[in-house]
Amino acid sequence: MNPTPFLFRIALLLFALAPAMSVQAQDGQHDAMMKAITGNAPPPSGRDVRYFRNDPATTGYLAVPEGEGPFPAVILIHEWNGLVDRIRQTADAFAEQGYIALAADLYSGRTGSNREENIELVREVRAAEATMVANLDAAVNWLEANTPATGNVATIGWCFGGGIALSYALGGDEHEGTAIFYGSLIDDPEQMKHIGHEVYGTFAANDRGIPVEDVNAFVDALREAGIENDVHIYDEVQHGFWLHVDRDPETNREPAEDAWERLKAYLGRVL
């Protein structure tokens, strides 16, 4: 039997399957994030890091892609309850997408277990904004000194962390991107002029804490300041829908997937 025709047919089959295999690989990466934000991710596989010399109790979480790099980086800013496993698992998912992910710790290693504790932790950080900025500046510097990073970094925050990401864009070291998930906003174009990059935003139409009117005013201010932006308000969903799809999977999953696709495209542009 002449093996040449058989091998030729195998080669043709592999060539035909290559696009599908590529799509499956991309879907696998996509699934990693969706598993994280639906509460179905495996335990965190990164490591704790002490990146803020001014406060030895500060304990961040680092996830690094496989390979030698260099890689762009994202700094994740936790919700009002602190650096918990949902954020760590999200960091792992970003690493699978090819980003070095450092989940910052703004609470000196603490987490809140109820509304009252969370509010107190938020107030503590907001009352010492200079320390918060120094913390995130230290995170940027630590990444550049200790990881195979390209030097391009974006911040991504949720709820409390979304507002902090915006505050850091206004007052922190220069960086390449800011992604805000339903965080507190401002509407002053003069303040916005300090931002030197495109801004991403994902918000919920049924968010009682951040009304649609506030989001629209924020976008108007960005435009007046000449800042490019990709800001979208999703109908039917509530505050927290993206990081916690599992609270209402039927309603949250489709907009969460869309917001994730937008975020990937945004990070591709700015990083």
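Each reported figure results from applying straightforward, stated rules to the coordinates on display, with no laboratory input. It should be emphasised that the depicted structure is a prediction, and the values quoted were computed from it without experimental measurement. Note that we place each Cβ from the backbone using ideal geometry, even for glycine, and neighbour counts take in every protein chain shown.
Quick look at the numbers
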read-out: Distance from segment 167-243 to segment 66-140 (C-alpha centre basis), Å; value: 18 Å
read-out: Electrostatic dipole magnitude of the chain [Cβ: Lys, Arg +1; Asp, Glu -1; Cα centre; debye, to 20]; value: 840 debye
read-out: In degrees, nearest ten, helix 249-270 long axis to first principal axis of the chain (Cα); value: 90 degrees
read-out: With Cα atoms, 0 to 90° folded angle of helix 212-224 axis to the chain main axis; value: 80 degrees
read-out: Along each principal axis, Cα extent of segment 72-143, largest first, Å; value: 37, 25, 13
read-out: Separation of the R208 and R269 label points, Cα + 7 Å toward Cβ, nm; value: 3.4 nm
read-out: Under 5 Å, built H, 5+ apart or other chain: amide partners of T150; value: F71, A73
read-out: Full-extension gain in nm, V84 to T111, via 0.36 nm per residue minus C-alpha separation; value: 9.0 nm
read-out: Separation in nanometres of the label points that stand 7 Å from Cα toward Cβ, at H194 and A130; value: 1.4 nm
read-out: Neighbour cut-off at most 16 other Cβ (10 Å), DSSP loop, GluC sites (Glu not before Pro), segment 135-195; value: E174
read-out: Ranked by how many other beta carbons lie within 10 Å on average, peptides 125-137, 88-100 from highest; value: 88-100, 125-137
read-out: Debye log10 I(q)/I(0) at q = 0.11 Å⁻¹ for segment 3-270, Cα point scatterers; value: -0.60
